[in-house]
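One structure is given here, and the rest of the page talks about it.
The values are calculated or read from the model by the stated rules, or taken from the named source; none is laboratory data. Computed from a prediction, not measured in an experiment: that's the story for all the values here. When we count neighbours, we look across all protein chains shown, and the Cβ atoms used for this are built from the backbone with ideal geometry, even at glycine. Surface accessibility is based on the protein's heavy atoms, side chains included, excluding ligands, DNA and RNA. Shrake-Rupley method; radii C 1.70, N 1.55, O 1.52, S 1.80 Å.
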Amino acid sequence: MANWIEKAVAIVSAFALALPAAPIGAAQDASPAQQNSYVFKANAELVLTNVVVRDAKTGEFVRGLKQSDFTVSENGKAQQISSFDFQTVDMATPLNEATISGLAVGVNGPGTKAAVVAKPEDLRNHRLIVMFFDLTSMQPEDLDRCVKAAREFLTNKMQPADLVALVSLDQTLKVDQDFTSDKAVLANEVGIYNGTEGQGFAEGATANTNQVEDTTGYTPDESEYNDLNTDRELFALRAISKSLEKITEKKSLLYFSGGISRDGIENQASLRAAINSAVRANLSIYSVDTRGLQAISPLGDASTGSIRGSGAFNGAALTSNMNANFASQEVMATLSSDTGGKAFFDSNDFAPAFAQVQRDTSAYYAIGFHSTNLARDGKYRKLTIKINKPGMKLEYRPGYYAPADFKHSGREDRERELEEQLTSDLPATDMAVYLDAMYFRLDENRFFVPVSLIVPGSQIPFVKGGDKDKATLDIIGEVIDEVKRPIGNARETVKLNLDPALQARQKNIEYTTSFNLPPGKYHLKFVVRENQTGRMGSFEADITLPDMKKQPLKMSSIVLASLRQPSKKASPLIRGGEEYVPNISHVFRQDQHLYLLYEVYGPAREKPAEGQPKGTKAGINLLSSLELIQGATKVYETPLVQAKALNVEGRDAVAVELDVPLTGLKPGSYVCQLNVIDDAGGSFAFPRFAVLVREPAATATPTEPVTSGSSSGSSGQM
C-alpha cells in the first residue's frame, strides 16, 4: 500500500493575516509592562567534578586534603570553589539491601522480596554502578563471556558499599534491576541475558568491507542503517544519564558492547549529546569490548566466505579489516575518555574493568564551582585542577560542554530537539498552536487529507529586515496509524518575509500541508518552533477516514473559508482556479464572506423518464442550503443550490459551493446547519457547526497573498 506525503510550500496568505486582531488564547497577549521589563538571572548551574589524588610513586590514594589545597581553572581562568566534599566507601552506611529508585522500578524475578527505597542522603560514600548490556551488538559467545564475568564480580567481588543496577538494550531500553546491594537478586537478573541472540540490530555491511561473503560480486552498502543503529545506542546512553541526573553522587557505567561505529561526521551530534548528558549526571563510562582479543585475518573470519582479488595478498584487505575494528572501538574510547572513565579493549579477561571501577570510586574528592563564563554557547571548556603539594598525581574529567541556548545550538542539535519533542508524550506549550484536519475522497481506497495549523502572530518574535518583518518557523509532524506505525511525515522550514502593513503580530499565521491516506483511524501530531528563541508548541488530533461503502450519503469534510486565492495546482480544495484556504478557527468579520465547500460521492441516479431515448445518462438531484441560527431563531438561509450532474472529473463526485455575505449579520456566535438532500436516493444529512462573527477591522488589509517560497512537486500554503 503506497502512502505518500505532499510536502508543504511556504505561502503567507492575506487570509492568515486578516483574521481578527483579538487573541485566540490568552497566551498570545503581552502587556507593555511585560514587554519592557528586565529579568535578572543568576548563574545557579554548579559544575561538579570528582578528583582522585594518588601518590605519584606508590599509587596510593591521598587522604586528608582540604579545599584550600586545590585550584581549579576553566580554559585558563581561575574559578572559585563553591563546594567541597570527600567520600570513601570505608564510611558507607549499610542499606540493608535496599533498592534505590534512580532509574525505575526494577523487573525482579518471581519470589524476590519487596524493594525498600532508600533516601538520597543514604547514598553518601556508596559506589553506584550501572551495568549496561548492549545486546544488539554482541554475538552469543561475547554475551556469554561478559555475563560470566559480571556474575563472577557480583558473587565474589562485590563489596557492601556497592549498589548495582542492570540495564539492557535489545528491541527496547529496559531497566532489568534498579540499584540494589542484593547479590542474589543481581546474579539472578544478569543470568537472563545469557544466551540471548539479539542480532536484530547487528552491524551491517558497507561498500568497502571485507567481512562479507563474496558470492555475487556485489556488496550492499548499509552505511545508513549503521548510522541509525549507532544513534539508537547513543540515545540509550543519553537516556540512562538523564535518568540519573537527580542522584548527585559519582556514578559509574560499565558499557558492554561488541563495538559501535560512526561514519565520518555522522552521529556526531548524538555522540556529543550522550557525552554531555553523562558529564552533567556525574556519570563515568567504562567501555568494555566484549569481542575480546581478536585475530584479524586478511581473509576475514570463519563466518564469511573468501574474498576476491589481490587484496588478500597486498595488505589492502588486512588494513581495511584493522581500520574497521579500530573504528568500532573509537566511539567507545571517546565515551570513556570524555566522561572520566576508561576503555578496555583486546582482552578476554573483563575482571580489570570491574576492579578499575571499584578503584576509581573507592575514595574521591568532589569539587564544585560556578563558572565565571556565563555564555551559554555550548562550547567545550577545558578543566585544569592543580594541588599545592608535590609528588601527587590527579585523575579527573578533562572538561565539559557548556550549556547551550537555542541561539548557540548547532543544526544537528536543533533537529534532534524537534524530533525528540515530536516523539515525546508531553506536549510543548511555549507557543500556542492549533490544528485541524479534513478529508476528501480520491478513490475508494484513498483520501486527500489537508492539515492546517495556525500560530498567533503575537507568539512569533518578528525582527526587522530592511523594510520587512521577518521570522523563521520550523514545522515537523507525523501521522500514525492504529498500530502505532508512522504512515506519513512532514518537515518544513518556513521563512516569513512580510510587509509591516499586514500587522502580522496582531493576526494569525496559517500553514497547510496534505497527506494521501487509505481509510482508517489515524493520530496526527505537529510541532512548531520559532527560530529566534527556540520556543515550541505542539498539537495532537485524531482523524477517522471512513469506509464510505456502507454510508447512504457519502460526504467529505466541510471546509469553511474567508479567502479564496488563485491557484494552478490540482487539489480538491481548488474550484474554478481558486483555492479555498481553510479557516480552522471559524472566526469571521462582517466585511468578509463565509465560503463553504464540500463534496458528495456517488450520488444516486434518477429514474429515467418515460419516453427518454436509450443510452441517455441518468441525472442526479442533490439539494443544498445553509442556515444560520442564533439562539432559537433562524436569522439567515442561503438560496437552495441544486446539482443535476457530476462536476468533479474522474472522481464520481459533486462539489458544492456556498457563499454567505456576512455584512447583514450582527456580531456574535451562530450555529450553522448545512442541509444536504440526495433526492434521488432518499438520503440526507444535516451537520451543524459553530461560527463567530466579529466587527470589521479598524484598517483594511491587502487581499493579495505573499509567496515566501516554493518547491517542485509540493503543495500547501502559509
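Out of the total accessible area of the stretch 440-585 (probe 1.4 Å, heavy atoms of protein only), what percent is carbon and sulfur?
Working: 2770 of 5810 Å².
The C+S portion of the solvent-accessible surface of the stretch 440-585 is 48 percent.
Quote to one decimal, in nm, the extra length available between residue 629 and residue 293 on full extension: 0.36 nm per residue of separation minus the C-alpha distance between them. Could you put the intermediate results ahead of the total?
Working: separation 336, 0.36 × 336 = 120.96 nm, distance 8.17 nm.
The span from residue 629 to residue 293 would gain 112.8 nm if fully extended.
Name the long-range amide H neighbours of residue 558: under 5 Å, sequence gap of 5 or more, or other chain; modelled H, no Pro or chain starts.
none
Residue 606 versus residue 91, label points 7 Å from Cα toward the beta carbon: distance in nm?
9.8 nm
How do 398-406, 449-457, 179-187, 45-53 rank on mean C-beta neighbours within 10 Å, highest first? Write out the running numbers ahead of the final one.
On the way: 398-406: 16.8, 449-457: 24.1, 179-187: 21.6, 45-53: 18.6.
Result, highest mean Cβ count within 10 Å first: 449-457, 179-187, 45-53, 398-406.
Which far-off residues, 5 or more places away or on another chain, put their amide H under 5 Å from the one on residue 589, with H placed in the peptide plane?
Hits under the 5 Å cutoff: 694.
Could you state the accessible area per residue of the stretch 412-520 in Å², with a 1.4 Å probe and every protein chain left in place? The partial results should precede the final answer.
Values: 4570 Å² over 109 residues.
Per residue, the stretch 412-520 has 42 Å² of solvent-accessible surface.
Residues of the stretch 389-410 with amide nitrogen under 16 Å from the 7 Å Cα-to-Cβ point of residue 419?
The answer is 410, whose backbone nitrogens lie closer than 16 Å to the label point.
What's the ranking of 157-167, 326-336 by average number of surrounding C-beta atoms within 10 Å, highest first? Can you show the working numbers first?
Working: 157-167: 21.5, 326-336: 18.6.
Answer by packing, highest mean first, reads 157-167, 326-336.
Place the peptides 595-601, 354-360, 687-693 in order of packing, highest mean first, counting for every residue the other Cβ atoms within 10 Å and averaging per peptide. List each step's numbers first, then the result.
Values: 595-601: 21.9, 354-360: 18.0, 687-693: 14.3.
Highest-to-lowest ranking by the protection proxy: 595-601, 354-360, 687-693.
Report, by chain and number, residues whose modeled amide H sits under 5 Å from the one on residue 680, excluding near sequence neighbours (fewer than 5 apart, same chain).
Amide H neighbours of residue 680, under 5 Å, 5+ apart: 621.
Find the accessible area per residue for the stretch 639-700; the probe is 1.4 Å, ligands and nucleic acids are left out, and the unit is Å².
Details: 3440 Å² over 62 residues.
Value for the stretch 639-700: 55 Å² per residue.
With respect to the cross-link table entries 251/389; 568/617; 644/666; 242/342; 507/634, which display a Cα-Cα separation exceeding 23 Å?
Listed pairs above 23 Å: 251/389; 568/617; 644/666; 507/634.
If a/c stays under 1.5 just call it rounded; otherwise compare a/b with b/c (prolate if a/b is bigger, oblate if not). Do that for the stretch 122-177, with a ≥ b ≥ c from the square roots of the Cα gyration tensor eigenvalues. Mind showing how you got there, number by number?
Numbers: a/c = 3.75, a/b = 1.54, b/c = 2.44.
Oblate, because a/c is 1.5 or more while a/b does not exceed b/c.
What is the spin-label model distance, in nm, from residue 83 to residue 66 if the labels are put 7 Å beyond Cα along the C-beta direction?
2.2 nm
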